Amino acid sequence: MLEVNEIFGPTIQGEGKRVGNPSVFVRFGKCNMTCAGFEVEYETPSGIKKCSCDSFYASDIAFRDEWQKYTTAKSLIEEVDKLLPDYKVDIVLTGGEPLLYWNDTEFQKFMKHYVEAGYHLTIETNGSIDIELKEEWQKKLLFSMSVKLSNSGESLSKRVNIKTLSHIINSVDESYLKFVVSLDSLENAIQEIDDILVQIPSCEVYLMPLGDTAEVIDKNSASVIELAIKKGFKYSDRLHIRVWNNKRGV
């Protein structure tokens, strides 16, 4: 069963390599991490207060009753198709953690349908879950791998999977790493990123400022840009948050 928190668009991709591209998003429910270190405060439907990332409503199963359940790829495709304009947009699978569904046959059918129809399909993942890429059409997927650093609050063994990162980079035509960095985590971030990069094949690296509001992004962005320039990385802003301040569904 495919559990989907929300489907929305057309809007623009707000971050990473495809920033600015018209896109339709499919946000899957469930995540294998909590990322309490990102300190976005929220309250569950039962009234429990927690901290997590800015997509807590998709990551935390406490919100599961709000998610839509799809038993077939066909039923999910029908919902996505309702939002597609008369030109090709990007289709972005995000979460939560969409790779939790990788071994689901219907998930594979869903992705294959759009790849073979000529859509550019991005998977936004934390890159920590073991997967196998065997099919030729899977090579056309773009993997945007937002590998978590220690500022996420997660343990190293849980957030960094060198085997998976290397397999994805070596198997697909397009992939890149994206690291979320804040002003107070710069020193640790430099060492942590270097430690990861020496263990995996060469790929594009983006640095992105931490923040779920434009104000917080402004606080972190200048230092993150300076670090990207120093290290020869690319900078990714969070355009959707600057424009809509993390409003859902845009």
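All of the numbers you see were taken from the coordinates with simple rules; none came from a lab. Bear in mind that the values here come from a model prediction, so they are computed numbers and not experimental data. Heads up, the Cβs are rebuilt from the backbone with ideal geometry, glycines too, and the neighbour counts pull from every protein chain shown.
When the pairs Lys109/Lys139; Lys74/Lys134; Lys112/Lys139; Lys109/Lys178 are compared against a 19 Å limit on Cα-Cα distance, Lys74/Lys134; Lys109/Lys178 fall above it.
About its Cα centre, the dipole of the range 126-185 is roughly 120 debye, where the only charges are +1 on Lys and Arg Cβ and -1 on Asp and Glu Cβ.
For Asp237, nonlocal amide neighbours, meaning residues 5 or more places apart or on other chains whose placed amide H falls under 5 Å from its own, are Gly16. Along the range 87-92 the Karplus relation, 6.51 cos²θ - 1.76 cosθ + 1.60 evaluated at θ = phi - 60°, assigns HN-Hα couplings of 9, 6, 9, 6, 10, 10 Hz to successive residues, with x for each Gly and Pro. Close amide H pairs (under 5 Å, H built 1.01 Å from N) link Glu204 with Leu177, residues at least 5 positions away or on another chain. Helical runs assigned H by DSSP (4 residues or longer) give the chain a calculated mean residue ellipticity at 222 nm of -8500 deg cm²/dmol, each run adding -39500 (n - 2.57) before division by the residue total. Can you list the GluC sites (Glu not before Pro) in the range 133-211 that are in a DSSP coil and have 13 or fewer other beta carbons within 10 angstrom? Listed in order of number, the matching sites are Glu135. Projected label points at Tyr87 and Glu226, each 7 Å from Cα along the beta carbon direction, are separated by 4.0 nanometres.
Once C-alpha pairs closer than 8 Å and six or more residues apart are averaged by separation and normalised to the residue number of the range 1-135, the relative contact order reads 29 percent. The 3J(HN,Hα) values that the Karplus relation (6.51, -1.76, 1.60; θ = phi - 60°) gives for the range 181-193 are, in residue order, 10, 10, 4, 8, 10, 4, 5, 5, 4, 4, 5, 5, 5 Hz. Gly and Pro appear as x.
To make sure I understand the rule: partners must be aspartates and glutamates, Cα under 16 Å from the Cα of Lys140, and not fewer than 8 residues away in the same chain. Which ones qualify? The qualifying aspartates and glutamates are Asp90, Glu116, Glu124, Glu132, Asp173, Glu174. Compactness ratio for the range 1-145: Cα radius of gyration over 2.2 N^0.38 Å (N = residue count) comes to 1.03.
Stretched out straight at 0.36 nm per residue, the stretch from Glu41 to Lys139 would grow longer than its current Cα-Cα span by 31.5 nm. Between Ile129 and Cys51, residue separation times 0.36 nm minus the direct Cα-Cα distance comes to 25.8 nm. The residue among Phe63, Asn32, Tyr42 whose Cα reaches farthest toward the positive pole of the charge dipole of the chain, with charges on the beta-carbon of Lys, Arg, Asp and Glu, is Asn32. Karplus-based coupling profile of the range 98-106, in residue order and whole Hz: x, 6, 5, 9, 3, 7, 7, 4, 5, with θ = phi - 60° in 6.51 cos²θ - 1.76 cosθ + 1.60 and x standing for Gly or Pro.
For the range 97-244, just say rounded, prolate or oblate: build the C-alpha gyration tensor, square-root its eigenvalues into a ≥ b ≥ c, call rounded for a/c under 1.5, and beyond that prolate if a/b exceeds b/c, oblate if not. The shape class here is prolate. For the listed residue pairs Lys30/Lys219; Lys148/Lys247; Lys148/Lys230; Lys30/Lys158, the alpha carbons are over 26 angstrom apart in Lys30/Lys219.
Against the set (1) 26.6; (2) 11.8; (3) 12.6, the structure's computed mean projected area of the Cα convex hull in nm² falls on (3).
Please list the non-local residues whose amide H lies under 5 Å from the amide H of Phe28, H modeled 1.01 Å from N, same-chain partners needing a gap of 5 or more. For Phe28, whose amide H was placed from the backbone, the distant partners under 5 Å are Asn5, Thr94, Gly95.
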